[in-house]
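Structure record follows, encoded as structure tokens.
The values are calculated or read from the model by the stated rules, or taken from the named source; none is laboratory data. In this text the structure is predicted, and so the values were computed from the model without any measurement. Reconstructed Cβ throughout: ideal geometry from the backbone, glycine too, with neighbour counts over all protein chains shown.
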Amino acid sequence: MGVHYNHEQNRVTLTQGERREEYTVEDFDANADAICAAFFIPEPEEE
Amino acid sequence: MAVTVGHATAATGVDSGDGKISKNAWNENHTITGLGTMAEATAADYSTTAQANALYTPKSRGPARLAGNWYFPESYTGTLAAGIAMASGIIYYCPFVLERAITVSDLGARITTLAASGNIKLAIYANDASTNRPTGTPIAETASISTASAVNVSADITGSNVALAADTLYWAAFWADGTAAGTVILQTNTTASVSGFSRFVGGAQDEISSGATGGVSYVQSSEAYGTWPDAASESLTVTSNANRYYAMQLKAA
């Protein structure tokens, strides 16, 4: 589960398990809060 | 390697007169140059540059670092904690040493508490051996990374991949923008003061212990969020907080 920036390729990749979404850096940064809130599903707390 | 034997006195007229060398010339102590300990040698004393580099480059230990895998510097030895909030306008520099050389393509960290509309940057600085403080501009740095979600975050290093040497002190730098002030929390290493600062940087006795001052795990400088500064020009201060040893993740190229 994470957010990875590849600025060289102007790409941001969101992953959680098998799920994956990609955005341009500009598109992601302009709406990061809403994109992350919609994409990431809360996982159980770690022990 | 050439070894030169020099006489303390030189006979004159060897090739003239009776052809004999004075006994003083032979009996005086001789000076032999070209031999010495390894510690005394310089790269020029070796036959090839490769031979010198093999001797002088710090030796890597441990298994190979696999391309594409993520690693913590070996100086993170404790358990990972929930972390500590980052203040805006402050760069936190946490010292680390690698057991094995690694070429790094990406830097990462884990955000344990998000900061909406915030950003952080990550970097690695070289160490000034005369002061054991970060120096120069970063040898590796990322552009801004959103703190919009409490997840692992990472970014490619600006420019080419960066080779980090074994047994060499580096500084992992963490910087939050104004929007993220006081809210973004990055994962830390709980045994901070022992795992990094006190082992490799050192300081006053109460700075490396866990006594009244709480120990030390980093240095910091005040700087408005923007372009990474030359650390040599920063006013670096030591602040007691043993647990603020932010955990920098390194991706092997």
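Quick notes
- Enumeration of residues in region B:103-113 that are surrounded by 22 or more Cβ atoms within 10 Å (Cβ to Cβ) and at pLDDT below 95: B:109, B:111
- Annotation note: of B:130, B:117, the sole residue that is of a type in the set (Gly, Ala, Ser) and either outside any loop (DSSP other than H, G, I, E, B) or touching an Asp or Glu at 6+ places or on another chain (Cβ under 8 Å) (or both) is B:117.
- Taken over region A:1-29, the criterion of being exposed (fewer than 13 other Cβ atoms within 10 Å of the Cβ) and within 10 Å of chain B (Cβ to nearest Cβ) is satisfied by A:8, A:9.
- Comparison of B:60, B:47 shows that the only residue that is out of contact with any helix residue (DSSP H, G or I) (no Cβ under 9 Å at 6 or more places or on another chain), surrounded by 13 or more Cβ atoms within 10 Å (Cβ to Cβ), of a type outside the set (Lys, Arg) and farther than 23 Å from residue B:152 by Cβ is B:60.
- Annotation: of all residues in region B:149-171 being out of contact with any Gly (no Cβ under 9 Å at 6 or more places or on another chain) and buried (at least 24 other Cβ atoms within 10 Å of the Cβ), the one that is farthest from residue A:2 (Cα to Cα) is B:170.
- Checking each residue in region B:104-114 for being of a type in the set (A, V, I, L, M, F, W, C) and either within 11 Å of chain A (Cβ to nearest Cβ) or touching a helix residue (DSSP H, G or I) at 6+ places or on another chain (Cβ under 6 Å) (or both) picks out B:107, B:109, B:111, B:114.
- All positions within region B:207-221 that are closer than 17 Å to residue B:90 by Cα, modelled with pLDDT under 95 and of a type outside the set (Val, Ile, Thr): B:217, B:218, B:220
- Residue within region B:166-179 that is under 22 Å from the mean Cα position of the chain (by Cα) and within 13 Å of chain A (Cβ to nearest Cβ) present: no
- Taking region B:115-148 as the range and being within 13 Å of chain A (Cβ to nearest Cβ) and either surrounded by fewer than 23 Cβ atoms within 10 Å (Cβ to Cβ) or within 22 Å of residue B:237 (Cβ to Cβ) (or both) as the test, the residues that pass are B:116, B:117, B:119, B:120, B:121, B:122, B:141, B:143, B:144.
- When residues of region B:63-79 are limited to those that are at pLDDT below 80 and not polar (S, T, N, Q), the one nearest to the chain's Cα centre (by Cα): B:74
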